[in-house]
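The values are calculated or read from the model by the stated rules, or taken from the named source; none is laboratory data. Note that the coordinates shown come from a computational prediction; the quantities given were computed from them, not determined experimentally. Cβ: placed from backbone, ideal geometry, glycine included. Neighbour counts: every protein chain shown.
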Amino acid sequence: MGCILMEIVILFYKQIFGTPMSLPLSPIIAEIVLQNFEVQALEKLFLQLSLYYKYIDDIILAALSLITFKLHFNIFNSMHERLQNLH
């Protein structure tokens, strides 16, 4: 009979930035911050996007060309050092 080996790793992370997840006001504060972020970012855009859609804290955007997309993507990424978007 074979042997089953198992490793369980329990990691704990300390939150050092932002509102606590358990605080009832956290979603409201996050929405206010994200709306402000969104308004500032959209004011900096110089070309119209083909698609812009926000769902809770995710943003989907599309542009007519890759160059235009990358320019807009960089604008969003440059708004705050802690708010970096992934490709």
Note to self: Name the residue that is nearest to GLY18 (Cα to Cα), counting only residues in the stretch 31-56 that are loosely packed, with under 11 Cβ neighbours inside 10 Å and at pLDDT below 80.
What the structure shows: ILE56
Notebook entry, point to check: So which residues in the stretch 21-52 are in a helix (DSSP H, G or I) and either in contact (Cβ under 8 Å) with a residue 24 or more places away in the chain or of a type in the set (A, V, I, L, M) (or both), if there are any at all?
Noted result: ILE28, ILE29, ALA30, ILE32, VAL33, LEU34, PHE37, VAL39, GLN40, ALA41, LEU42, LYS44
Note to self: Consider the stretch 53-67. How many of its residues are without any contact (Cβ under 8 Å) to a residue 12 or more places away in the chain, in contact with a strand residue (DSSP E or B) (Cβ under 6 Å, 6 or more places away or on another chain) and under 20 Å from HIS80 (Cβ atoms)?
What the structure shows: 1
Notebook entry, point to check: Is it the case that some residue within the stretch 2-12 is part of a loop (DSSP other than H, G, I, E, B), at pLDDT below 80 and either on the phi > 0 side of the Ramachandran plot or under 18 Å from the mean Cα position of the chain (by Cα) (or both)?
Noted result: no
Check: Can you pull out the residues in the stretch 58-80 that are exposed (fewer than 12 other Cβ atoms within 10 Å of the Cβ) and closer than 21 Å to LEU34 by Cβ?
Finding: ASP58, ILE60, ASN74
Next item on the list: Scan the stretch 53-66 residue by residue and report those that are outside any strand (DSSP E or B) and either under 18 Å from the mean Cα position of the chain (by Cα) or on the phi > 0 side of the Ramachandran plot (or both).
Entry: ILE56, ASP57
Check: Looking at (1) under 18 Å from the mean Cα position of the chain (by Cα); (2) under 22 Å from ILE75 (Cβ atoms), which is the only condition SER26 fails?
Finding: (2)
